[in-house]
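In what follows, a single structure is set out as structure tokens and then discussed.
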Amino acid sequence: MPSFSWRFIINPEFWFSEKYTDSCGITFKVRSVLYTKESDFQRIDIIDTYDYGRVMLLDGLVMYTEKDEFVYHEMITCVPLFAHPNPKDILVVGGGDGGTVRELGRHTYLNSITEVEIDESVVVAAKEYTPFTGCGYDNEKVNLIIGDGIEFVKNKNNAYDIIIIDSTDPFGPAEGLFSGEFYSNVKNALREDGIVVAQAENPYYDPKWMMRSVNNMRKAFHNNVECYLAYIPTYPSGMWNFALGYKGKKASESFDIKRYKNLNLHFRYYNKNIHRACFALPEFMKEIMQTI
Ligand code: SAM
């Protein structure tokens, strides 16, 4: 008798699971593994799944999927862009998949889009295997710098209108992107009316990490910080938090309706009602924000 199972050969099923805790997570049935690489910073995998299309994993964690990446990328760009009165120069820290610069590129009134990504291998993999995000680099306005965002913002003064922190979770090279020192450098790098937005985890599985980011941003921006939410099925809990620090007016009360209408872009998640509604927080999250 062969030592393998015939059932497995006739009906091979390969599932990828990301564990959120020791007893809970998300799982995808995998069609094929397209790419695997151990870079200097992290392990990169790109898998093709049945329900969510192509998925990039960094160190085994879902970064984005073909099916729902639009939510994250529209929300991390549109909210600060339409809250700012006149954004011209934008800095993205991280974001090596290209989805954030792809969205920024649609806002034709911008003068410059600079991205500082630490790991060139992520960019190379995204261009090759997930062109739906990697196409962001085709825009001539995008200036990609391979380097550490933490170092890049040091000693920058009055240089950007919006800074977007599109980072991995707060471990390894991204840990410093959640620190007080980093946010204070970000504040100096921003002009008058400047806005910073950071992906800031979720209140279900990572309330402490979420609040580390929010509290450090609060210190740097003298409490001028608001949180907003988006619904992203493939991120832990599906409820994703963004922390936004502002130097000018409250972002939840600012919306450039004229620019929004003139631009006339087709979005799949963001719209003018979402701009206001995403700042409405559930009670349990407000409690976390007051107590941690
Ligand atoms: N949407 C994703 C998420 O929240 O799950 C984040 C996507 S993007 C792939 C995150 C990028 O941040 C990675 O490519 C990683 O290499 C980059 N990164 C991590 N630490 C960094 C640092 N210190 N400076 C610049 N980029 C960094």
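Which of the following residues is among the small types (G, A, S), modelled with pLDDT of 95 or more, in the same structural domain as I274 (by TED's automatic domain parsing) and closer than 23 Å to K272 by Cα: G136, G99, G149?
None of the other options fit; the residue is G99.
Would you confirm, using the coordinates I've provided, whether G98 is within 14 Å of the ligand (Cβ to nearest atom) and open to solvent by less than 10 Å² (accessible area, probe 1.4 Å)?
yes
Just checking: which of the helices (runs of 4 or more DSSP H) contained wholly in the range 205-292 hold 1 or more residues that are in the same structural domain as E18 (by TED's automatic domain parsing) and under 28 Å from K67 (Cα atoms)?
Where helices (runs of 4 or more DSSP H) fall fully within the range 205-292, none carries at least 1 residues being in the same structural domain as E18 (by TED's automatic domain parsing) and under 28 Å from K67 (Cα atoms).
Being of a type in the set (D, E) and part of a strand (DSSP E or B) is the filter here; which residues of the range 86-105 pass it?
If the condition is that a residue be of a type in the set (D, E) and part of a strand (DSSP E or B), then D89 is the only one that fits.
Just to confirm my filter: which strands (runs of 3 or more DSSP E) fall fully inside the range 29-85 and include at least 3 residues that are under 13 Å from the mean Cα position of the chain (by Cα) and within 11 Å of the ligand (Cβ to nearest atom)?
Correct list: 61-65.
Would you check which residues across the range 140-188 are assigned to a helix (DSSP H, G or I) and on the phi > 0 side of the Ramachandran plot and list them?
G172
Which of the following residues is assigned to a loop (DSSP other than H, G, I, E, B) and either open to solvent by 40 Å² or more (accessible area, probe 1.4 Å) or under 17 Å from S167 (Cα atoms) (or both): T133, T108, T114?
T108
Report whether or not S179 is of a type in the set (G, A, S), surrounded by fewer than 18 Cβ atoms within 10 Å (Cβ to Cβ) and closer than 18 Å to I292 by Cα.
yes
The values are calculated or read from the model by the stated rules, or taken from the named source; none is laboratory data. Quick caveat, the model's predicted, so the values are computed rather than measured. Cβ sites come from the backbone with ideal geometry, for glycine too, and all protein chains shown count toward neighbours. Calculation scope for accessible area: heavy atoms of the full protein, side chains included, ligands and nucleic acids excluded. Shrake-Rupley method; radii C 1.70, N 1.55, O 1.52, S 1.80 Å.
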